[in-house]
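So the structure is just underneath, and the comments pick up after that.
The values are calculated or read from the model by the stated rules, or taken from the named source; none is laboratory data. These numbers come from a predicted model, not from an experiment. Here the Cβ is made from the backbone with ideal geometry for all residues, glycine too, and neighbour counts use every protein chain on show.
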Amino acid sequence: MKKDIVRRRIHVTAISYEDVAGLLRRLELYDDVVKGKITCHICGKEVTLENIGGVTVVGGKAILVCDKPDCIARAAVLSSKERQHVAGSDEDE
């Protein structure tokens with residue numbers, strides 16, 4: 001069975017591995033990640049400092065995803081939709 005591929009451009013901001021801990025501290029998520037309390041928003045796998053694939057905002061809340069390519073791609077789509085939703089809300093005001 002052939003899979004259909006949908007290609008779209010999605011804005012992605014990258015940070016270095018060294019900056020991840022600082023970002024997590026600013027978001028007040030560092031301790032929970034280190035203690036194993038955070039799971040991937042997409043697949044539910046535990047997110048650690050070694051396997052963080054992304055951080056985005058959904059519904060005004062920072063979420064983390066693991067480093068599985070599918071989870072990163074789905075989070076990028078969620079982030080893109082969130083930005084469109086927020087931009088649309090700004091136009092309503």
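Please find, among LYS68, LYS37, the residue that is basic (Lys, Arg) and loosely packed, with under 13 Cβ neighbours inside 10 Å.
Values: LYS68 fails: loosely packed, with under 13 Cβ neighbours inside 10 Å.
Exactly one residue qualifies, and that residue is LYS37.
Residues to consider are VAL57, VAL77; find the one that is modelled with pLDDT under 90, within 17 Å of THR13 (Cα to Cα), in a strand (DSSP E or B) and not polar (S, T, N, Q).
VAL57
Considering LEU49, LEU23, which residue is part of a helix (DSSP H, G or I) and at pLDDT below 95? Lay out the reasoning, then the answer.
On the way: LEU49 fails: part of a helix (DSSP H, G or I).
Unique residue meeting the criteria: LEU23.
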